[in-house]
Amino acid sequence: MNIIFYHPTSDAKPWIDGITKRLPQASIRVWNADDHDPADYALVWRPPSAMLASRTMLKGIFALGAGVDAILTQEQRHPGTLPAGVPLLRLEDTGMSLQMQEYALATVLRYFRRMDEYQLFQQQKQWHPLAPHSRSEFTIGVLGAGVLGSSVAKALVDMQFTVRSWSRSAKSLEGVASFYGDDQLAGFARGCKVLINLLPNTPHTAGVLNHQLFTNLSHNAYLINLGRGGHLVEGDVLRALDSGQIAAATLDVFIEEPLPAMHPFWSHPRVSITPHVGADTLPEQAMDSIVSNILAIEAGREPTGRVDPGRGY
C-alpha cells in the first residue's frame, strides 16, 4: 500500500511516523513535483493542481482539515485537478467539535454576561453595573447542523439556552428548533439574539451573512463567525454595527488571512478578532480517523466523511 502526503505548511514527519505506526504495511512518502510513482491513497491540504489530476487509480483522497473548500476551490480554478471517480474524504470531528464548543460557549457567555461591555467601561474608567440579559430573550441561532454545528447547538442546549439551527436539508436535533432550506432562513433568523455561523464553505453559502439576514435578527444582536470568511459580507456587518442592528461581532475567519493591517475590523471597538483558531486539526485523532477509513476501503466497506463535490461537503 502506497500513500502520498502533501501539506504546504505542516511538518510531514509526525504524519509519516504516525501513519506508519498505525499502518506498518504501508509505505508513505512526501509528494514532490517529480513524483509519478504509484499511490493508493493521498493525504493532502491545498494540493498543487498537478499532484492528483492523473492519479485515477487512487482509492481515496483525504483532506487534512475540517473543510474541503480549499481543495474544491482548486478544482474550480483548475478543472481536472481531482481525478474523476476517486472519493474525496473529509475529517468529520477528530477533536474539532470540542474545540468549537469551547469557542462558541466562551463567546456566548461573554455576551450573555455583558463582559464585552464591561471591558469598554473599564477602558473609560466607568463603574456602571448593567441589567443582565434574560435567557428568555437570548435565543441563539446556529447556521449549520453538521457535525460541528450540531455539537455546538447541543452544548448550548445543555447550558439551558433556547437554540435554533438552520441547514440546507432537514435535520432533527433534540431540544433544538430546526429550520432548513432557503424558504426558512428568514424565519430561522427572526428574533435571534446571537447568530453563530458554522456552515460549510460552498457557492450556495457564499455571502450568507449579509444585510438581508441581519435585518431579521433581534435588534442589538451578536454575530459569531466560525465558518469561513467568504460567508460574511464585510461591508454589511460594518454598517449593521454602526446602525446598532448588530451590537458586537466575534470573527475568527476572514476573506483574506492574515487580516491586512489596515482592515477596519482591527480598530472597530465592537469587533473581536481571533486568527482562525476556532478548531485546529489534531494530528493524532485525524490519523486515527484516516487509518480507520483506509481499512474500511481495503475491506470493501463504505468510508465515513465522503464528500459530494456538487454540494461542497
Whole Å is fine, so just give me how far the alpha carbon centre of region 295-312 lies from that of region 139-208.
-> 25 Å
Entries in 125/193; 125/154; 21/59; 13/171 that, when Cα-Cα distance is taken, lie over 30 Å | 125/154; 13/171
For residue 29 and residue 206, what does the FRET efficiency come to when R0 = 41 Å and r is the distance between their Cβ atoms, rounded to the nearest 0.05?
-> 0.70
For region 226-239, just list the computed ³J(HN,Hα) in residue order, Karplus coefficients 6.51, -1.76 and 1.60, θ = phi - 60°, integers in Hz, with x standing in for Gly and Pro.
-> 10, x, 9, x, x, 6, 9, 7, 4, x, 5, 6, 5, 5
If you add up the charges near residue 132, with Lys and Arg at +1 and Asp and Glu at -1, over every other residue whose beta carbon is less than 10 angstrom from its beta carbon, what do you get?
-> +3
Throw me the Rg/Rh for the chain, computed over C-alpha atoms with Kirkwood Rh, two decimals.
-> 1.01
The long-range amide H neighbours of residue 43, using H built 1.01 Å from N in the peptide plane and a cut-off of under 5 Å, are 4, 5, 6, 62
Tilt relative to the chain, helix 96-112 - C-alpha long axis, 0 to 90 degrees, to 10 | 10 degrees
Subtracting the Cα-Cα distance from 0.36 nm times the residue separation, let me have the gained length for residue 288 to residue 306 in nm, one decimal.
-> 4.9 nm
Once phi is turned into θ = phi - 60°, what whole-Hz ³J(HN,Hα) does the Karplus curve with 6.51, -1.76 and 1.60 give for every residue of region 37-44, x standing for Gly and Pro?
-> 6, x, 8, 9, 9, 10, 10, 9
Return the calculated 222 nm mean residue ellipticity for the chain, to the nearest 500 deg cm²/dmol, obtained by summing -39500 (n - 2.57) across DSSP H runs with n ≥ 4 and dividing by the residue count.
-> -9000 deg cm²/dmol
Would you kindly calculate the mean projected area, averaged across all directions, of the convex hull enclosing the Cα atoms of region 110-219, in square nanometres?
-> 7.9 nm²
Degrees, to the nearest 10: 147-158 long Cα axis against longest axis of the chain = 40 degrees
For region 1-108, state the average projected area of the convex hull of the C-alpha atoms over all orientations, rounded to one decimal in nm².
-> 8.0 nm²
Rounded to the nearest 10, the angle in degrees between the Cα long axis of helix 12-22 and the longest principal axis of the Cα atoms of the chain comes to 70 degrees
Around residue 248, which amide H atoms from residues at least 5 apart in sequence, or from another chain, sit under 5 Å from its own amide H, with H modelled in the peptide plane?
-> 223
Top of 138, 161, 121 by mean-square fluctuation, Gaussian network on the chain, Cα under 10 Å | 121
Would you mind giving the three semi-axes, in whole Å and largest first, of the ellipsoid equivalent to region 157-313 according to its Cα gyration tensor?
-> 31, 21, 15
Could I have the simple spin-label model distance between residue 243 and residue 277, label points 7 Å from Cα toward Cβ, reported in nm to one decimal?
-> 3.3 nm
What trypsin sites (Lys or Arg not before Pro) in region 214-313 are in a loop by DSSP, with at most 11 other Cβ atoms within 10 Å of the Cβ?
-> 301
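Taken together, the values in this text are just the output of simple stated rules run on the coordinates, not laboratory data. Bear in mind the structure is a predicted one, so any value in this text is a computation, not a measurement. We place every Cβ from the backbone using ideal geometry, glycine too, and count neighbours over all the protein chains shown.
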